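Quick notes on the structure that follows.
Here, each number is a calculation from the coordinates, and none is a lab measurement. Just so it is clear, the model here is predicted, and its values are computed rather than measured. FYI the Cβ positions are ideal-geometry reconstructions off the backbone, even for glycines, and counts take in every protein chain you see.
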Amino acid sequence: MSLAFDDYGRPYIILRDQGQKKRMKGLEAYKSNILAAKAVANTLSSSLGPKGMDKMLVSPDGDVSVTNDGATIVEKMEIQHPTAKLLVELSQSQDAEIGDGTTGVVVLAGKLLEQALTLLDKGIHPLKISDGFDRACDVAIKHLETISEEIDIQANEHEALIQAACTALGSKVVSKRKRELGKIAVTAVLDVADLARRDVNLDLIKIQTKTGGSVEDTRLISGILIDKDMSHPQMPKEVNDARICLLTCPFEPPKPKTKHNINISSAEDYKKLYQQEQQYFVDMVKLVKASGANIALCQWGFDDEANHLLLQNELPAVRWVSGTDVELIAMATGARIIPRFQEITPEKLGKAGCVKEVQFGTSNERMLVIENCQCTKAVTILIRGGSQMIVDEAKRSIHDAICVIRNLIKDNRIVYGGGSAELACAIQVLQYADEVSSVEQYAIRSFADALEGIPCCLADNCGLNPITSVAQAKSRQLKENNPRIGIDCMELGTTDMKEQRIYETLSSKKQQIQLATQVVKMILKIDDVIAPDDY
Amino acid sequence: MSQFLQPTILLLREGTDTSQGRAQIVSNINAVQAVADVVKSTLGPRGMDKMIQTGPKVTISNDGATILNLLEVVHPAARVLVDIAKSQDDEVGDGTTSTTLLAAELLKEAKPFIEEGIHPQIVIQGYRKALELALEKLEGFSINISKDSIESKRDTLIKCAQTALNSKLLANTKQFFSELVVSAVEKLDPNILDRDLIGIKNVTGGNITDSFLVDGVAFKKTFSYAGFEQQPKRFENPKICLLNLELELKSEKENAEIRIEKPEEYQSIVDAEWALIYEKLEIIVKAGAQIVLSKLPIGDLATQYFADRNIFCAGRVAQEDLLRVQKATGGQVQTTVNGLNPETFGTCGLFEEVQVGAERYNLFKNCPQSRTATIVLRGGAEQFIQEAERSLNDAIMIVRRCFKANKIVAGGGAIELEISRFLRHYARSVTGKTQYIVNSFAKALEVIPRTIAENAGLNSIEIMNKLRQKHAQGGEEGRWYGVDINGASGVCDTHQSFVWEPTLVKRNALCSATEAACAILSIDETVKNPKSDQDTKMKPKGQPGRPPMGMRR
């Protein structure tokens, strides 16, 4: 990158490592940025919609994942290009805020950039384009709100929620079982939801995966499932009316934290020490028993001697329970976490209807289920599936569905999917464009075209002719003044998305359009790229 | 001279690069131009952003000082520009691009004089004289707002913040953010206006208008141990205990060793350690604290102990956050719990933990001593929020300055043109070379409106003509005409369209630009030492992360 020459034509060194830096300015910079971002969007566009395809991603360590989730795909692609990275972050922030629609947001951003490119070629100032996009975005958002419908989430056994969850699951590998999984997700969310505050703490829903069985075996446990078993094989496999003692101290003689050593000078002393150690175990078990506990869960381990003693005293116990599990169990059973044996009191015990060990398949793996907890505010979804890849993808899909349901509980307004909402907005934006007298008119019109790109892409992915189907849907929307006409992806014979029951949350759609516009504006504002030469 | 076979006198080390004389000044000026060209397109409401990649980090910015800093300028004369941009940033916080441009333009105007053989010192004198007059006029033209009522003053501050945000990514939401910024600054102690007491926290996700102002302190949930979730997450008027103390079961002294002679003593040692930590916890609970914050870790034992007693705790709170909590709640940070006095506890109207995007935040609201505020920024991408933060920083600095200085001028190039008009007029009344030089100074000032117009894609020559004509009419009427990027005519009264800037920004920009120009003009020789050997050896290491493939061969 040379910036200046003196009178003799010798270049100045103005910047450090000037020779190794590259600079792109003006149109060249816009184009390179837009093309890079578009490349990312193109990769994702085939994943959109109910017939969208999956991507197989191999990590540097050779781990394979197969997924349809936009945020996961772009995250695992390990994109280097700085502008393309913006799209990755875009997808992730949609994931963090809404949890669903991560593919759609990137595809929309890609379509907008594509339109911006043609506008730039026409010689329109990039900021005029971004101003136009901004105004169009406002119009689209307003229109979305007018066409949105409030749904009654309580009605008909939460039918609306289940439908919305089904829409979210429709594009995933588990779509065959979407109704069952949707129901599970809805029940899970409703179990932990605070309907008065319209808030759902997703930390309370634990999603546990286990390979084996099939996706149909996925079920909801109204309690907690931990991937642990009883410390001794002869302990009872089921404890009814459990009073749980949660310990964060090991079943071992306590150790001082300060460095210490014990000098033993005689055989008697040694014996005494041994006896004392034994006494510790006896005392510990006694203390636990005395409190009335009939099962002990311990964050740490305990040695075989203690294990044996616990068995003798008929006190089932579980060791090495992870910290987060301990916390979850504490919340669910109303237990207090006990850091020291001396502090065990009956009030600190948690209560649960049943603690039992369950076994899966023919493998010797067992898990512990804690059911009917006293303050049942935590649930677990146990996902089964043929292979690790399937359960991982199912986990991501259910997460999406859960997020959709949460958003509906927060804000019960919906729009209809299948590209109908985008089409309706596009029509509205197009109308608005004609009222604008300045250069922005072109940008606004292009925004409408970009919005139409979503149903186009949907149709394309379903093997329909994108142009004809979008044109038909659009003309019917206008003729019948019905914003619910979309693309009939599933070939059910109707294009009215209300009949097809394709529900999407208003908040997700709104967020998609806003975030995509925001990132596109940012990319359009860059007119100068200074980077190392190999960029 | 060599034909006289005079011995060559080696004054400097071999390889030293010296250049001197007029050519040196001209080449310095060229270098400065080149650097100014980089930031030129960022000026004004239609200014563009730069994307700069340094190593793995990518920065997208519109802020002149940030860009110049990231460019890593090494040319000695061009570095002067980087320095003035930085000083403008430190002193005023905004107007860094215009300062750089003005300095470069002054030098450009000086170049023909130097080439024609006018002594640089005469140019410098002329510039200094012109600056003096310009500053005088600037004061004269500026509008005093100190007598205005509180509401209209707040209004003025908002207008100034909006002007600062005009060229940034946030331009479309400037209304929203300018109010946010002004409310944040109003929270501060009006006598000190300590910038550090306005915290800005970034949370990716959500829309930019989801950003909000916390009237108090907000910080991200710290690392927590099991049991934390069982603590209450909401208090009204809590007693807040601030500590710089570790609350963990651990060895008290690093290298201490205990020798136990009798097995019976074993238990007593264990008990003693537990007693130590329990004693500390008990004191805190007895003193009536409801929220315990510590700079150092709070262990799992303490977390559960507090959870049992309905106390909220957070360990590893960042130093700056703790300080701001201290300021906001009126508490005092304690380094020991011995003799803990409830009077050192702070309080606030409402404490709660809330979910912001994917993060949990601790909010301390309605603080009694509230001399601090926190802005929580939301937005799509990491870089977006970072740039938003820089923009808000500019706006905060401007509002702070305005709060103190009470004087404003109209932006959009209006004030520059008005000063320029005056200087041109004045130039005619002086004799000698100074006449030309003052005239050049006046011409250089026009770079600001011209660049704004150019960046907006307007016809800058036409606009400049219109503006000169308006200003030449004189009097109050044409005084505040500046570039209008929205209207059809391209010019408007920027005072009426509320493009306002504190006088201080302009004053500082004029001063430092002139000083920088004079400094560069007065250099007539550069002696550049060759790089020391150590330096060349270091060089391969200068590019971390690259495989050393190209170096073998």
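Give the total of Lys-Lys pairs in region A:321-478 with Cα-Cα distances below 30 Å; include a pair only if its members are 8 or more places apart or on different chains.
Lysine pairs meeting both conditions in region A:321-478 amount to 9.
Could you work out how far helix A:323-333 tilts from the main Cα principal axis of chain A, as a 0 to 90 degree angle to the nearest 10?
So the inclination is approximately 80 degrees.
Length gain on complete extension for the stretch A:Asp199 to A:Gln359, per 0.36 nm per residue less the alpha carbon to alpha carbon distance?
54.1 nm
If you take the beta carbon distance between B:Lys221 and B:Glu136 as r and set R0 to 51 Å, what does 1/(1 + (r/R0)^6) give as a FRET efficiency, to the nearest 0.05?
0.40
What whole-number distance in Å separates the alpha-carbon centres of region B:183-228 and region A:342-411?
Cα centroid to Cα centroid, the span is 36 Å.
Can you give the relative contact order of region B:106-235 as a percent, counting alpha carbon pairs under 8 Å and 6+ residues apart?
In percent, rounded to a whole number, it is 13.
Place a label point 7 angstrom from the Cα of A:Thr118 along the Cα-to-Cβ direction, then list the residues of region A:466-494 whose backbone nitrogen is under 17 Å away.
A:466-468, A:470-471
Provide Rg and Dmax in Å for chain A, with only Cα atoms included in the calculation.
30.1, 102
Can you give the helix-only mean residue ellipticity at 222 nm for the protein assembly as shown, where every DSSP H stretch with n ≥ 4 adds -39500 (n - 2.57) and the sum goes over all residues, rounded to the nearest 500 deg cm²/dmol?
Theoretical 222 nm ellipticity from helices: -15500 deg cm²/dmol.
May I ask you to derive the relative contact order of chain A, considering only C-alpha pairs under 8 Å and at least 6 residues apart, and to give it as an integer percent?
Relative CO of chain A lands at 26 percent.
On a C-alpha basis, how far is the centre of region B:333-396 from the centre of region B:52-89 in Å? Whole number, if you could?
30
Counting other beta carbons within 10 Å of each Cβ, put A:Tyr274, B:Tyr436, B:Tyr127, B:Tyr225 in order, fewest first.
A:Tyr274, B:Tyr436, B:Tyr225, B:Tyr127
Hey, got the dipole for the protein assembly as shown? About the Cα centre, +1 on K and R Cβ, -1 on D and E Cβ, debye to the nearest 20?
1840
If I model a spin label as a point 7 Å beyond the Cα along the Cα-Cβ vector, how far apart are those points for B:Leu11 and A:Glu314 in nm?
The answer from the label model is 10.4 nm.
Ratio to report: Rg/Rh of region B:219-294, with Cα atoms as the point set and Rh obtained by the Kirkwood method; give two decimals.
Ratio of gyration radius to Kirkwood radius: 1.08.
7 Å from Cα along Cα→Cβ at both B:Glu72 and B:Glu462: what's the point-to-point distance in nm?
4.4
Short version: ³J(HN,Hα) in whole Hz for each residue of region B:271-284, in order, from phi by Karplus 6.51 cos²θ - 1.76 cosθ + 1.60 (θ = phi - 60°), x for Gly and Pro, what are they?
Computed from phi, the couplings for region B:271-284 are 4, 4, 5, 5, 4, 4, 6, 5, 4, 4, 4, 5, 4, 4 Hz.
For a quick check: with amide H placed at 1.01 Å from N, whose amide H comes under 5 Å from A:Lys206's, ignoring anything fewer than 5 positions away on the same chain?
Counting only residues 5 or more places away or on other chains, the set is A:Val379, A:Thr380, A:Ile381.
Once R0 is set to 45 Å, what does the formula 1/(1 + (r/R0)^6) return for the Cβ-Cβ distance between A:Asp63 and B:Ala318, expressed as a FRET efficiency to the nearest 0.05? Numbers along the way, then the final one.
On the way: r = 35 Å, r/R0 = 0.78.
E between A:Asp63 and B:Ala318, to the nearest 0.05, is 0.80.
Where does helix A:102-121 land angle-wise versus the long Cα axis of chain A, in degrees 0 to 90, nearest 10?
20
How large is the Rg to Rh ratio of chain B when both quantities use alpha carbon positions and Rh follows Kirkwood?
Result for chain B is an Rg/Rh of 1.10.
Given the peptides B:264-271, A:80-87, arrange them by the average over their residues of other C-beta atoms within 10 Å, most packed first.
Details: B:264-271: 15.1, A:80-87: 22.2.
Ranking, from highest mean packing down: A:80-87, B:264-271.
Can you work out the PRE-style zone for B:Ser489? Point 7 Å along Cα to Cβ, and I want the residues of region B:455-471 with backbone N under 19 Å.
Backbone N within reach: B:458-471.
Which ³J(HN,Hα) values in Hz, rounded to whole numbers, follow from the phi angles of region A:334-345 under the Karplus curve 6.51 cos²θ - 1.76 cosθ + 1.60, where θ = phi - 60° and Gly and Pro get x?
x, 7, 9, 7, 10, x, 8, 4, 4, 9, 5, 10
If you count, for every residue in A:248-256, the Cβ atoms of partner chains within 10 Å of its Cβ, what is the mean?
Average per residue, whole number: 4.
So, by mean Cβ neighbours within 10 angstrom, what's the order for A:489-500, B:152-163 with the highest one leading?
B:152-163, A:489-500
What is the helix-to-structure angle for A:420-433, meaning the angle in degrees between its Cα long axis and the longest Cα principal axis of chain A, kept from 0 to 90 and rounded to the nearest 10?
For helix A:420-433, the angle is close to 40 degrees.
Report D for the protein assembly as shown in µm² per second (integer): Stokes-Einstein, Kirkwood Rh on Cα pairs, 37 °C, 0.692 mPa s.
Once the numbers are plugged in, D ends up at 97 µm²/s.
For a quick check: sort A:Asp203, A:Asp528 by the number of other beta carbons within 10 angstrom, fewest at the front.
Details: A:Asp203 15, A:Asp528 20.
Fewest to most other Cβ atoms nearby, the residues stand as A:Asp203, A:Asp528.
For B:Glu525 and B:Glu352, FRET efficiency with R0 = 60 Å and r from the beta-carbon atoms, rounded to 0.05? If you can, show how the numbers build up before the last one.
On the way: r = 65 Å, r/R0 = 1.09.
Computed FRET efficiency for B:Glu352 and B:Glu525 comes out at 0.40.
Starting from region A:299-376, pick out the chymotrypsin sites (Phe, Trp or Tyr not before Pro) whose DSSP state is loop and whose Cβ has at most 16 other Cβ atoms within 10 Å. Write out the running numbers ahead of the final one.
On the way: sites: A:Trp300, A:Phe302, A:Trp320, A:Phe341, A:Phe360; in loops: A:Trp300, A:Trp320, A:Phe360.
Those that pass, being in a loop and sparsely packed, are A:Trp300, A:Trp320, A:Phe360.
When you count, for each residue, the other Cβ atoms within 10 Å and take the mean per peptide, how do A:119-125, A:209-215 rank with the highest first? Could the numbers behind the result be given before it?
Values: A:119-125: 15.0, A:209-215: 16.6.
Per-residue mean Cβ counts within 10 Å order the peptides as A:209-215, A:119-125.
What nm value, rounded to one decimal, do you get for the distance between A:Thr345 and A:Asp17 when each label is placed 7 Å out toward the C-beta?
With each label placed 7 Å out from Cα toward Cβ, I get 6.4 nm.
Apply the Karplus curve 6.51 cos²θ - 1.76 cosθ + 1.60, θ = phi - 60°, to the phi angles in region A:126-136 and return the couplings in whole Hz, x for Gly and Pro.
Coupling constants for region A:126-136: x, 6, 5, 4, 5, 4, x, 4, 4, 5, 4 Hz.
Once the other residues with Cβ under 11 Å from the Cβ of A:Val88 are scored (Lys, Arg +1; Asp, Glu -1), what is the net sum?
Counting the neighbours of A:Val88, the net charge comes to -3.
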